[in-house]
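Here's the structure, in structure tokens; my notes come after.
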Amino acid sequence: MAILTLTRQAGSFGDEIGMLIARRLGYTYYDKHEIERRIIAKGLSKEEFLKFDERKPRFLDRFTKNRDKYLNYLSAVILEIAHEGNCVIMGRGAFLFLRDVPSHITLRFVSTAEARLQHIKEITGITTDKVAEKMLADSDKRQAQFYKSCFKYDLSDHSLIQATVNTALVPPDMLAEMISAGIKNNVSHEIEDAGKRRVDDLILAQQMTNKLIFEHGLHIDELWVMVKGETVTLHGLTSFHATVDRAVMILESEYSGYKIESEIRCVQDNRLSKA
């Protein structure tokens, strides 16, 4: 089981290459439409989904819990797909949710301005360079704003990407064959097993987050739950030590066998609350 996540510039043949890779490996390809379908099926309205999906939220939305709600649903769907395994996931920040999974491979496809312009005109039927150039510029801007707003991640930073490929230099079929062969030859059973265990930990962390924020309504900003073995560590910001104590108590009572530790910061006195 390998998990391949992809990001791409519009017009870089990224979608086409992703589908070719999935076909060669016998994997399932997940594009924005399937991810949208799964998120809405879980209960997020289409209106709420479209406010945040690969775009910068409106000013007021950034100060509500709507964005966190969207990211919660998005994380749940990405982890669900990863748990199924043998998948190719396009976009939506999937590589950031899965970045420390051993069986996870992440690639970014880019291309030259000339090649992107030609390709976008071919697939859209646009005949003028000016209109096509604006479409590409708007796409790049929306994508950058989405990653910055939702993940505080700069797309120009490739430090979390295992390989960035200029698709103008190698034909799509050749690229797909090279990548598929690399995955087949290098993802061992040991790596697969380690990946499954890590995905299970991430799913458990997601469940704990849901329980604290949505079931119990605790006010913890930027809550991040990290599961490592039998130890669970909570990170985030809150105003009251009592909120920290309650979070630890809830998880200890509902997840016996795990040691719950807190690194949640109380902003009133800037002290770390330890459980």
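Computed values, structure above
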read-out	value
Residue that is nearest to Lys51 (Cα to Cα), among those in region 124-144 that are open to solvent by 40 Å² or more (accessible area, probe 1.4 Å) and in contact (Cβ under 8 Å) with a residue 40 or more places away in the chain	Arg142
Count of region 190-209 residues which are under 16 Å from Leu25 (Cβ atoms) and free of Cβ contacts under 8 Å to residues at least 12 places away in the same chain	0
Unique match (being assigned to a strand (DSSP E or B) and more than 30 Å from Ser45 (Cβ to Cβ)) among Ile89, Ile105, Ile126	Ile105
Those residues of region 137-196 which are assigned to a helix (DSSP H, G or I) and acidic (Asp, Glu), in sequence order	Asp138, Asp140, Asp173, Glu177, Glu190, Glu192, Asp193
Residue in region 64-80 that is modelled with the lowest pLDDT, counting only those that are in contact with a Cys (Cβ under 9 Å, 6 or more places away or on another chain) and closer than 23 Å to Gly195 by Cβ	Leu71
Any hit, region 155-171, residues being surrounded by 15 or more Cβ atoms within 10 Å (Cβ to Cβ), closer than 17 Å to Lys32 by Cβ, under 18 Å from the mean Cα position of the chain (by Cα) and not small (Gly, Ala, Ser)	yes
Residue in region 110-121 that is touching a residue at least 24 places away in the same chain (Cβ under 8 Å), open to solvent by 20 Å² or more (accessible area, probe 1.4 Å), part of a strand (DSSP E or B) and aliphatic (A, V, I, L, M) present	yes
Filter result for Val267 (loosely packed, with under 15 Cβ neighbours inside 10 Å and β-branched (Val, Ile, Thr))	yes
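The values are calculated or read from the model by the stated rules, or taken from the named source; none is laboratory data. These numbers were taken from a predicted model, which means no experiment stands behind them. We place every Cβ from the backbone using ideal geometry, glycine too, and count neighbours over all the protein chains shown. The area values use the complete protein model at the heavy-atom level, side chains included, leaving out ligands, DNA and RNA. Shrake-Rupley method; radii C 1.70, N 1.55, O 1.52, S 1.80 Å.
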